[in-house]
Amino acid sequence: MKAIADPSHILSNELAAIRTAFQVPEHFPPAVLTAAERAATRQPTDHADWTDRPFVTLDPAGSTDLDQAFAIDASEGGFILHYAIADIGWFVDPDGPIADEAWRRGQTLYLPDGKASLYPPVLSQGAASLLPDGPRPAIVFSVRVDADGAVALDAVTRAVIRSRAKLAYASVTDADLPPGFAALTDRLIRAEAARGAARIDPPEQEVAHDADGRLTLTFRTRHASEDRNAALSLACNMAVAQLLMAHGTGLFRVMDEPDDRAVARLRLTARALGVDWPGSATLTQIERTLDPADPRQATLMLAIRRAGNGASYRAFAPGETPWHAAVAAPYVHATAPLRRLADRYVVEAALAVANGQAVPTHVAEAFPRLPKVMARSDSRAGQIDRAVIGMAEAALLSGREGEVFDAVVTGVEARGADIQLCDLPVTARLAPAGLTPGDRVTVRLTGTDVSRRSSAFALAS
């Protein structure tokens, strides 16, 4: 989760310290760069020519590592979504230095001031990226979407495509998008609701200065095009999951529902933020009502995102049905191979089985190894995310020592009572003596330490 952005580089020194603390790689080894430069010149020879199809990409304006492009065809009673995925496997040998480095990294790491890419930029932001400056090799998933939004995979094709436009969330118009985009994504979003899915995508927070020169955290506007684009990716990943399950192979993304204790804490967080959560409403039902344009509701969305039991990866096992509670269906990660290691192997397995071929040996051998590698990578990304949030909160509160704030106790353990401030997107911990979940309290900020990424509060007397 890219939780915070720092477009003005206000916190550069603090972010540099986080990079050092978590050993975020700054460069690729020379051998990897040399191999990547050589790989970038590799020309497609095993790809169908799909350059006449009107593919486009839709991403944040500044993105250059473009994993996905799409085109849409109408069909009887429905649509066919042609979802093209960057063919990183064409450029990266299974046992070469680029692959070895990718296995060490696991995924692209994001910080407010930049990223540490999974693959060298000459590939991830150049030859393999689906940019509109020339033909690119891709794996195209042709996903049939019926009138009810159900999905099925018609074909998987290794093809050369040419993106017609690099569209951006903030500026895209209906006229820019392929015909049928709105109708198709409406179907997919309705289908998500019908099966009980709960996709929570809180907006990023941005660090800025207010009129008085104080640091603030503001929520970036989330555009409808982001949710619609996410629906396309979700549909493709579900269709690929169905294909791989049917062939008894694959690597799946799985997640349990938040437990009763987590839901109880979220109800208290909602109370602290002044967000109405009727007693009869389930977590899924309240999630669907949240408006990311409302800062308090956006803060609750962040809390929900952080409260889950945590998604993980699981290799296919006979007799098991891998399940992702938030998606309410079996699900894989296949649509971001430039940014996640696991996706490359899922894509290559799908390409093989859809075309009547055996799963390549290096892919089959990767599936049981990937859960541990991705768990380590996910853990590191989560630690960085939490460090950035703690640093930003401390910077936000710096200079306000002695001020008092209203808060609600959201949980109590032996090590402390967790609180949510009512007027700021800040959580903290107090000494637990005498407090119970749900208590409304007034707390005083007793200290901040941006370098330690911490803020301290005490009950106001």
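Each value in this text was obtained by applying a stated rule to the coordinates, not by laboratory testing. What you see is a predicted model; the values in this text were computed from it and never measured. Cβ sites come from the backbone with ideal geometry, for glycine too, and all protein chains shown count toward neighbours.
Sorted fewest first by neighbouring Cβ atoms within 10 angstrom, Val263, Val151 come out as Val263, Val151.
Taking the Cβ of Thr221 as the center, what net charge do the other residues with Cβ under 11 Å away carry, scoring Lys and Arg +1 and Asp and Glu -1? Spelling it out: positives minus negatives among the neighbours equals -1. Normalising the average separation of contacting C-alpha pairs (under 8 angstrom, six or more residues apart) by the number of residues puts the relative contact order of the chain at 17 percent. Relative contact order of the range 257-309: 49 percent, from C-alpha pairs under 8 Å at least 6 residues apart in sequence. Within the range 86-163, the percentage of alpha carbon pairs spaced more than 22 angstrom apart rounds to 42%. Quick one: angle between helix 295-307 and the longest Cα principal axis of the chain, in degrees between 0 and 90, rounded to 10, please. Between helix and principal axis, roughly 70 degrees. Taking the C-alpha atoms only, the angle from helix 260-273 to the longest principal axis of the chain is near 60 degrees. Relative to the dominant Cα principal axis of the chain, helix 12-21 is inclined by about 70°. In a simple Cβ point-charge model (Lys, Arg +1; Asp, Glu -1; nothing else charged), the chain has a dipole of about 760 debye relative to its Cα centre. Placing +1 on the Cβ of every Lys and Arg and -1 on the Cβ of every Asp and Glu, with no other charges, gives the range 395-461 a dipole of roughly 180 debye about its Cα centre. Once the Kirkwood radius over Cα pairs is known for the range 257-309, the Stokes-Einstein relation at 25 °C and 0.890 mPa s delivers a diffusion coefficient of 224 µm²/s. Backbone geometry of the range 80-92 corresponds, through the Karplus equation with coefficients 6.51, -1.76 and 1.60 at θ = phi - 60°, to 3J(HN,Hα) couplings of 10, 8, 8, 10, 8, 10, 3, 8, 5, x, 5, 9, 10 Hz, x marking Gly and Pro. Along the chain, counting only GluC sites (Glu not before Pro) with a DSSP assignment other than H, G, I, E or B and at most 10 other Cβ atoms inside a 10 Å radius, the longest segment between sites is 77-461. By the equivalent-ellipsoid construction on the alpha carbon gyration tensor, the chain comes out with semi-axes of 39, 25, 21 Å, ordered largest to smallest.
Across the range 1-99, Cα-Cα pairs more than 16 Å apart make up 76 percent of the total. Applying a DSSP loop filter and a limit of 13 other Cβ atoms within 10 Å to the trypsin sites (Lys or Arg not before Pro) in the range 424-461 leaves Arg452.
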